[in-house]
Structure formats: structure tokens, C-alpha cells
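Peer 1: Structure below; questions to follow.
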Amino acid sequence: MNQILQIIPDNEKNTKNDIKKKKKNFISIFISCSILFFITIFSYIHNILNINKNENFSEKLNNNYNILKLYSSKDPFDIPIGNSENKIIGNIDIPILNLSYPFFSSLDNESLSIFPCRFHGNLPPENSNLCIAGHNYDNGKFFSNLHLINIDDTINIEINNIIYQYSVYKIYEVSELDLSPIYTYEKNKKLLTLVTCNNINKKRLIVKASYSKTL
């Protein structure tokens, strides 16, 4: 009888210890999950703020560029941005998407966060495959809505106040390592290739257009 009486308190003690351990484990898991949740939320908000910051900066530059083009004697296509040696060399306009941006002469990470960038090909009127890349900010502008473009839609490239109009003839996706959209083209034509990311499947969206007329 005495042995039984001694065992019962020990069992109760073990049970209480187990409950305390479970509570501690639960609290630890809860704290870890909470920290992870707040880190995720912070990262998301930080990313959204950076996108909005880049877009707002781009909009200001775009407005300044348009004003300069109208009222200044300086060539707006020969003006570096900030400390970068990269220069604005033209303007891309896609009426169906209500998209209009200046674009840089070459591609680097800093420039690409501000405007679309040329990364291959010569400018019209030369026969070439002019390739322009733009970030996909998931409907935060730049080339976010490029997937909504259709065959035969118009893309305008303005160079030195001359507008070269292109007509879309092909829309497709490739892997990020596929360079065929850049180097495979008819050498005796004026072609335009727009490139952006598909943030869902990590592929590259390609829009090909051919020159139709000068405005």
C-alpha cells in the first residue's frame, strides 16, 4: 500500500513535467513562427516599397525627359542618368498597353531598375534585331503587362524625333538560357525583340515585331 501511495505522486509529477515541456515547446514554436511571419511580411513590404520607389523615380525621369525634349536645345537622347555612363537613346511606346518609357543604350542592374534597356542590336534605320529588356514588376509597370499584347499590335520606337513603327508577329516563352530570340533573325530586316521575365514559371517572355513604317 505504501508503495502505491509513493508511485502516484511520482506519476503526477512526471505528468506535470510533461505538460510544462509541451507548453515550453509550444511557446518556442509559436515564437519561431511569429518571427518567420514578421520577417516574411517585412521582406514583402520592403520589396513592394522598392518597386514603387523605382517606378516613381522612373516616372519623374520620364516627365523630365519629355519636358527636356520639348523645351531644351540639348539632345535628350545623349544625357547620362545620375553617376551612370549609360544614356537614354530612345523611347519605346506600346499604345495598346498604355506603356511609354525612354530606354537606355546598354544594360546594367542599376539602369534596368530605372528604365528598359537595349542589350543587343543596332538602332533603326539600320537593319538589325534591336533587343530591349524590361523588368516585370507584376503589374507595377515597366513590362509587367507585356503578356497582354497581341499579334499585329503596334510598337513605336522613337529615335532622334523619328518614330519607327513595328508590328508584332510572334509571342512566346523560352528558358532563361535560350539566346535564340537574340541571335536568330533575318539579317536584311529591321526587327524588334522585347524581353521580360515570367515571374511564375521563371521563363522569358519574348515579343517579336517587324518594322512596318516611319512616322
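The numbers here are math on the coordinates, done by the rules we state, and not lab data. Predicted, not measured: the structure shown is a model, and the values here were computed from it. Cβ coordinates were reconstructed from backbone atoms using ideal geometry, including for glycine residues, and neighbour counts include every protein chain displayed.
Peer 1: Which of the pairs LYS87/LYS203; LYS170/LYS203; LYS141/LYS189; LYS87/LYS213; LYS87/LYS189; LYS141/LYS213 have their Cα atoms more than 23 Å apart in this structure?
Peer 2: Beyond 23 Å between Cα atoms: LYS87/LYS203; LYS141/LYS189; LYS87/LYS213; LYS87/LYS189; LYS141/LYS213.
Peer 1: Short version: ³J(HN,Hα) in whole Hz for each residue of the range 172-177, in order, from phi by Karplus 6.51 cos²θ - 1.76 cosθ + 1.60 (θ = phi - 60°), x for Gly and Pro, what are they?
Peer 2: Calculated HN-Hα couplings, in order: 7, 10, 9, 5, 5, 9 Hz.
Peer 1: If you don't mind, there's one more thing I want to ask. Given H placed on each backbone N at 1.01 Å, which residues far from HIS120 in sequence or on other chains put an amide H within less than 5 Å of it?
Peer 2: CYS131
Peer 1: Using the Karplus curve 6.51 cos²θ - 1.76 cosθ + 1.60 with θ = phi - 60°, what ³J(HN,Hα) values do you get for each residue of the range 113-130, in whole Hz, with x for Gly and Pro?
Peer 2: 7, 9, 9, x, 9, 6, 10, 6, x, 8, 7, x, x, 5, 6, 5, 10, 6
Peer 1: Follow-up. Ranked highest first by the average count of other Cβ atoms within 10 Å around their residues, in what order do 174-184, 103-113 fall?
Peer 2: Going from most to least packed, we get 103-113, 174-184.
Peer 1: Expected output is a single nm value to one decimal: the length gained when fully extending between ILE162 and SER210, i.e. 0.36 nm times separation in residues minus the C-alpha distance. What is it?
Peer 2: 15.6 nm
Peer 1: Quick check: net charge around ILE206, other residues with Cβ under 13 Å of its Cβ, Lys/Arg +1 and Asp/Glu -1?
Peer 2: +1
Peer 1: OK, next. If you stretched the chain out fully between ILE96 and HIS147, how much longer would it get, using 0.36 nm times the residue separation minus the C-alpha to C-alpha distance?
Peer 2: My answer for the length gained is 17.2 nm.
Peer 1: In what order do HIS135, HIS147 fall by count of nearby beta-carbon atoms within 10 Å, going from fewest to most?
Peer 2: HIS147, HIS135
Peer 1: With Cβ to Cβ distances under 15 Å as the rule, what net charge do the other residues near VAL195 carry (K, R +1; D, E -1)?
Peer 2: That works out to +3.
Peer 1: Quick check: net charge around ASN129, other residues with Cβ under 10 Å of its Cβ, Lys/Arg +1 and Asp/Glu -1?
Peer 2: Around ASN129, the charge tally is +3.
Peer 1: Want the number for GLU176 to ASN139: 0.36 nm per residue separation, take away the alpha-carbon distance, what's left?
Peer 2: Between GLU176 and ASN139, full extension yields 11.2 nm more.
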